[in-house]
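The values are calculated or read from the model by the stated rules, or taken from the named source; none is laboratory data. This is a predicted model, so every value here is computed, not measured. Here the Cβ is made from the backbone with ideal geometry for all residues, glycine too, and neighbour counts use every protein chain on show. Side chains included, ligands, DNA and RNA excluded: accessible areas come from the protein's heavy atoms. Shrake-Rupley method; radii C 1.70, N 1.55, O 1.52, S 1.80 Å.
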Amino acid sequence: MFKKAIKTVLGFAATATLGLALVACGGNNDSDTTPTTTAPTNESGSAGGTVIVAGSTTVAPVAQALADAFMAAHSGYTVEVQSMGTGAGMTAAIEGVADIGLASRNLNADELVTLDYQTFAIDGIVVITHESNPVSNLTYEQIRNIFLGNITNWSEVGGNNASIIVISRESGSGARGSFEYLANVVDDVMYDLIGQGSNGVLTSVEANANAIGYVTYGLVAGRRVSAVSVDGTPFSGAAAANGSYPFAIGFHMAFQQSGVNAATQTFLDWAMSSAGQAVVAAEEYVPAVSN
Amino acid sequence: MDSAIQQKTSRRVRAIEVTTKILFLVCSLVAALTLLLIIFFIFSNGIPAIMEVGAINFLTGRTWTPTHSTNPQFGMLPMLYATFISTIIAFILGSKIGKWGAIYLMFFCPKKIYRPIKTMVELLGGIPSVLYGFFGVAVILPFIRNNFGGTGNSLLAAIIILTMMILPTIINLGEAAIRAVPNHFYEGALSLGASKTESIFKVVVPAAKGGINGAYILGIGRAVGETMAVIMVAGNVSRMPGTLGDFFQTSTLLAPVRTLTSGIAMEMSYASGLHRDTLFGIGVVLFIIIISLNLTLAILNRNQTNYAKES
């Protein structure tokens, strides 16, 4: 009985230690050898390699679509897309943990020291209100003044007599950075609530009849919110491309200036090719390269 | 012959014992090393950031604008204050409900309903915090919005959620502490002529003080550390909800707040440079708070017999 117990415990402990050891070794191998193992494969043969893509939660879905189409067309390549936020994606690209970082805002000066980028798609940020809100159009200046805190009641812009609840994103969010830049309210924005992620903003706007917020266009479908027109122009791909819609943002792929491995370069080139841009269009974003 | 076999067996047993000992030593070191690694990582990133911002600025600044293009501010006072206030009030409510609940379960509860109540309390303790948050979004926020106005995302919502979350910790551990008090305390008090209520409140509960304090500290620890559920209901704006003087105005309770943990969790994936390091700085402060809580417990219980620990 006692012996049996000891055996069980020993067995468990041995398995646990072995498991730990394996995990530890696996971890070490990954960080030590990824660059060296991928490089020779790429130089020796034309086919294949692993590309790690990481960054903006806004951009990740379209990057995933690109990755899937790319892998279907190129056997031997693996493209892994991780969704972690623009800031974390840029850090990963700078540190070499990821081959490509995804950004939904322009890169800042610190990041541009080590990184280069290409813009592969264009999206619009839409200003959203509760579906019951009668205001369907705002001018650019009205939006600006609402987010600056100069307009605080919906009646000032032709709506109900109710206080405006301004909902923003976290500091450092790509969508927030882009919106504040495009609305020209950088550093001066006033807000009543902060949503966690785009979904947090959508949920809060759905719950508050007098709320206003912003998310990227692709996320609005199926939610109980409405996207307001800006200066009479609703968001569309054409309006974003010709500049008549003011809140258009670029989706960027950032990579090391010092050069990338062959697999990464193949993927970067393919994303800008007509095949890659067709995937962008199929995902209902505006292609960055007009073919 | 016999002794040779015996020797062989005992050698084998000793070998097993030594191996086991080493294996178990490694297992216990995993936990200890994890703690040291976390301390090292948080402090090595956080302390330089605190120095750069200035400790006084960091702790007492009221403006948190980490991404300001020309003059970023890293004042964490609103977050510290929100954590402090929400924890204190949730603790005042939760500790009373929890302690009296535990006493009821232990001394007054009919056997028939003890099991169901106890099981439900235990289950409540095992529910993932995101589900508490979901309950908050679906029930508490609309309730506050409809009855008091505003958006519902507020300090009040955070306090309600935290009170609910620390209840199971306090009830379960409190009951265990009271149960661990030897029965003769209770019987002795009764036989000396004390009433049931007197015996419980003047003899048994004071004797269980050590364990109950432990339950309180763990409850506070949970309230300070809770992240997900609070993010979902608190509104997350890093702004003072009112000063101490006008605290009991409803506008203070209905103001959105951001706690230390939600500050870290919300911005970590978007932050870079000094902004990211100041989040580790918040981690340092959080760590010091938790350590102080545990020290407080140790000091409180210096002269207390903890029956729960002894049995």
Checklist entry - Would you pick out the residues in segment B:253-270 that are facing chain A (nearest Cβ under 7 Å) and either more than 13 Å from B:Gly235 (Cβ to Cβ) or surrounded by fewer than 24 Cβ atoms within 10 Å (Cβ to Cβ) (or both)? => result B:Glu267, B:Ser269, B:Tyr270
Next on the checklist: Within segment A:66-98, take every residue that is farther than 24 Å from A:Arg176 by Cα and among the aliphatic types (A, V, I, L, M) and give me the one that is nearest to the other protein chains (Cβ to nearest Cβ).
Outcome noted: A:Val97
Checklist entry - Mind checking which residues of segment A:196-209 are of a type in the set (Ser, Thr, Tyr) and at the interface with another protein chain (Cβ under 10 Å from one of its Cβ atoms)? => result A:Thr203, A:Ser204
Checklist outcome for this item: Residues in segment B:145-159 that are crowded, with 22+ Cβ neighbours inside 10 Å and assigned to a helix (DSSP H, G or I) total 5
Item to check | Unique match (being part of a helix (DSSP H, G or I), surrounded by 10 or more Cβ atoms within 10 Å (Cβ to Cβ) and within 13 Å of chain A (Cβ to nearest Cβ)) among B:Thr67, B:Thr19, B:Thr83 | outcome: B:Thr19
Next on the checklist: Please determine whether any residue of segment B:191-211 is crowded, with 21+ Cβ neighbours inside 10 Å and within 18 Å of the chain's Cα centre (by Cα).
Outcome noted: yes
Item to check | A:Asp187 vs. criteria without any contact (Cβ under 8 Å) to a residue 12 or more places away in the chain and facing chain B (nearest Cβ under 10 Å) | outcome: yes
Checklist entry - Which members of segment B:172-190 meet the condition of being open to solvent by 20 Å² or more (accessible area, probe 1.4 Å) and not in a loop (DSSP other than H, G, I, E, B)? => result B:Asn172, B:Leu173, B:Ala176, B:Arg179, B:Asn183, B:His184, B:Phe185, B:Tyr186, B:Glu187, B:Gly188, B:Leu190
Checklist entry - Do any helices (runs of 4 or more DSSP H) lying entirely in segment A:178-279 carry at least 2 residues that are open to solvent by less than 50 Å² (accessible area, probe 1.4 Å) and either closer than 26 Å to B:Ser69 by Cβ or among the acidic types (Asp, Glu) (or both), and which ones are they? => result A:197-207
Checklist outcome for this item: Only one of B:Met240, B:Met228, B:Met232 is out of contact with any Cys (no Cβ under 8 Å at 6 or more places or on another chain) and surrounded by 20 or more Cβ atoms within 10 Å (Cβ to Cβ), namely B:Met232
Checklist entry - From the list A:Phe120, A:Phe147, which residue is within 21 Å of A:Thr203 (Cβ to Cβ), surrounded by 21 or more Cβ atoms within 10 Å (Cβ to Cβ) and in contact (Cβ under 8 Å) with a residue 40 or more places away in the chain? => result A:Phe147
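Let's see how each residue does on (1) outside the structural domain of A:Phe70 (by TED's automatic domain parsing); (2) touching a residue at least 60 places away in the same chain (Cβ under 8 Å); (3) more than 17 Å from the chain's Cα centre (by Cα):
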position	(1), (2), (3)
A:Phe255	no, yes, no
A:Gly259	no, no, yes
A:Thr266	no, yes, yes
A:Ser274	no, no, yes
A:Ala278	no, no, yes
Checklist entry - Can you name the condition, by its number, that A:Leu193 falls short on among (1) touching a strand residue (DSSP E or B) at 6+ places or on another chain (Cβ under 9 Å); (2) under 30 Å from A:Ile146 (Cα atoms); (3) more than 14 Å from chain B (Cβ to nearest Cβ); (4) of a type in the set (A, V, I, L, M)? => result (3)
Checklist outcome for this item: By residue number, the members of segment B:29-46 that are farther than 17 Å from B:Ile291 by Cα, free of Cβ contacts under 8 Å to residues at least 60 places away in the same chain and open to solvent by less than 70 Å² (accessible area, probe 1.4 Å) are B:Val30, B:Ser44
